Structures are given as structure tokens and as C-alpha cells.
């Protein structure tokens, strides 16, 4: 089952373009030939508008580092750095486990050779372009909601207050 946080991240990424919060633009490192196959993608669930708003508000509060009710470019980029760093560390752990052929908890220089790791540069401009309604370089909770709810409402084709799995597929959020 797909988590709602994943849906929000997908919605954010789809609405803000590359470099959005939670989305990486750097190419992933090559996987070793003997790496374990990926698990099947989780199934999506419908999302009610009220749940979307509550989750969106919680994410706003996480991004608002100084808790003043406004998102600045610096706060958005700091949040993007934190998310990108976490994703990079998780990829590193998985890659280490895949590269540790003898499973001794250590990588030899031969195992480690050629391991590229790129972290995307944060970019608040794309996020602010979507949510900064008055173009003052920061976003209030109201501006944030308006920008995000526009995307939700566009996906909610039948206007029932729920973005169904079919609507997510039609909106390009999931396959």
C-alpha cells in the first residue's frame, strides 16, 4: 500500500518539476550485476481532500524552520538538502549491502571502485513559482494551500473531494 506521504511527495514533484522537494534529479549510480531485484511498487489508495490538507499543513510546518508561518527560499532549500541527504544515505546503505559480496561488513577497494554518488542542488525557485501567489519571495500557509490545492483540484476530475487511483494515474502521478 502506497503511503500518503509518498503521494504528497509525488504530487509535489509532479507540480514543481525536477529538483522539487523529495525528488532527485541526479542519475542513480549503476547497480552491481548481482544486486537483489527491486520489490514490486506498492499499490496506491484514494486520497480525501481533508487528509491532503492535513498532510500538506504538516509538511509546511516541517519546512518552516523558524516557525514564523512563512516559507523562504532558504527554508525550502534547507528542507530539500535534508531530504536529499536522507535519500542519499539510504541509497548508500543499499549500495553498500549490494557491493559487499562476501558479506563481511567491509568493502575492499576493488568492491568500492567506481561508485559515483551525486546529490541534486536544491532549487526553491520552482517551489515558490507554484506557491508564492504574491511573488514576494516567500509563501504563507494560505499561499501554500492555494498552490497545492490547485493541483489536487485539477486531479480530482469528478470533484468528489477524493483523488482516486484512476485520477492519480490520469494525472501522471502513478503508473
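Just a few scattered comments:
- Region 42-175: C-alpha gyration tensor shape, a/c 1.5 cut-off, then a/b vs b/c: oblate
- Förster radius 41 Å - calculated FRET efficiency between residue 91 and residue 49, Cβ distance, rounded to 0.05: 0.75
Since every read-out is calculated from the coordinates, none of them should be taken as a lab result. Nothing here was measured: the structure is a model prediction, and the numbers come from that model. All Cβ positions, glycine included, derive from the backbone under ideal geometry; neighbour counts span all protein chains shown.
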